[in-house]
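Trainee: I'd like to ask you about the structure that follows.
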Amino acid sequence: MTSKAQLIQERAYQLGYEKCGIIPVSALEGYAEKFSERIQRVPASEMFYQRQRHLTQPHEHYPWAKSVVVLVAGYGKYKIPEAVKGHIAKAYLFDVRCDAGSEEFQNSQAMEQFMEGLGLKVATNRKFGVVGLRWAAMQAGLGIIRRNNFFYTQAGSWMHLEAWLT
C-alpha cells in the first residue's frame with residue numbers, strides 16, 4: 001500500500017519540482033531561536049521581521065497541523081534581458097508566487113488540490129510562506145542555508161521554496 005507521503009512526493013516530481021520533503025511540525029521548533037538571533041544581530045531589521053514572527057509559531061495559528069510538505073523548484077533557467085540585467089533581481093523578474101499564469105503557479109495550485117484530494121486539510125501562503133521556508137527545507141534535508149542566508153541545493157541557490165501545513 002502506498003502512503004500519502006509517497007503519493008505526495010510522486011506527484012511533486014511529476015509536476016517538475018526538484019525536491020520534496022515531509023517533516024513533522026515539531027521539526028520547526030528551532031526556528032524561533034534562529035529568528036530571534038537574526039534580529040539581535042541586526043537590530044535595525046526588527047520592524048521588518050516583526051511582520052514575520054507568526055512563522056515561528058505554526059501550532060498557534062494552525063493547531064490541527066501535523067506535518068509540513070516542503071517543495072523546491074529551480075528558477076535559474078530563465079534568461080535575463082540585457083536592459084534589466086544587474087538592475088532587477090531574478091527572483092522579482094520571474095516571481096512565480098504571484099504570476100497566476102505561470103506554469104510554476106499552476107503546478108503549485110495542482111499540488112494543493114492533489115493534497116486536498118487525498119483528504120488532507122492544508123494551509124499555505126504562496127507569497128510569504130506559512131512557515132520559515134528555508135528552515136523547513138533544511139530540516140527536511142533538501143539543502144543547506146549558508147552564511148549569506150541563501151538556501152542551496154546541489155543545483156545552487158536559484159531556488160524557489162514552497163510549503164504547506166497538513
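Trainee: How far, in nm, would the chain grow between residue 149 and residue 44 when pulled straight, counting 0.36 nm per residue and subtracting the alpha carbon separation?
Mentor: Details: separation 105, 0.36 × 105 = 37.80 nm, distance 1.70 nm.
Going from the current span to full extension adds 36.1 nm.
Trainee: Here's a follow-up. Helix-only mean residue ellipticity at 222 nm, the chain, DSSP H runs n ≥ 4 weighted -39,500 (n - 2.57), per residue, nearest 500. What is it?
Mentor: On the way: 7 runs with 57 residues, N = 166.
That comes out to -9500 deg cm²/dmol.
Trainee: Test of understanding: express the Cα radius of gyration of the chain as a ratio to 2.2 N^0.38 Å, with N the residue count.
Mentor: Working: Rg = 16.3 Å, N = 166, 2.2 N^0.38 = 15.3 Å.
In units of the 2.2 N^0.38 Å rule of thumb, it is 1.06.
Trainee: Using the charge dipole of the chain (Lys, Arg: +1 at Cβ; Asp, Glu: -1 at Cβ; taken about the Cα centre), state which of 145, 73, 128 has its Cα farthest towards the positive end.
Mentor: 145
Trainee: Roughly how many Å is it from the Cα centre of region 125-166 to that of region 1-21, as a whole number?
Mentor: Spelled out, the Cα-based centre of one part sits 17 Å from the other.
Trainee: How big is the dipole moment of region 4-165 about its Cα centre under a simple scheme where the beta carbon of each Lys and Arg is +1, that of each Asp and Glu is -1, and everything else is neutral? Debye, nearest 20, please. Intermediate results must be reported in sequence, preceding the final value.
Mentor: Numbers: 20 positive and 15 negative charges, 72 e Å.
Using only the charged Cβ atoms, the result is roughly 340 debye.
Trainee: Once you have the Cα-Cα distance between residue 2 and residue 103, take 0.36 nm times their residue separation minus that, and quote the gain in nm to one decimal. It would help to have the intermediate numbers written out before the result.
Mentor: Details: separation 101, 0.36 × 101 = 36.36 nm, distance 2.77 nm.
Stretched out fully, the residue 2 to residue 103 stretch lengthens by 33.6 nm.
Here, each number is a calculation from the coordinates, and none is a lab measurement. Just so we're clear, the structure is a prediction, and the values are computed from it rather than from any experiment. Positions of Cβ are backbone-derived with ideal geometry, glycine not excepted, and every protein chain shown enters the neighbour counts.
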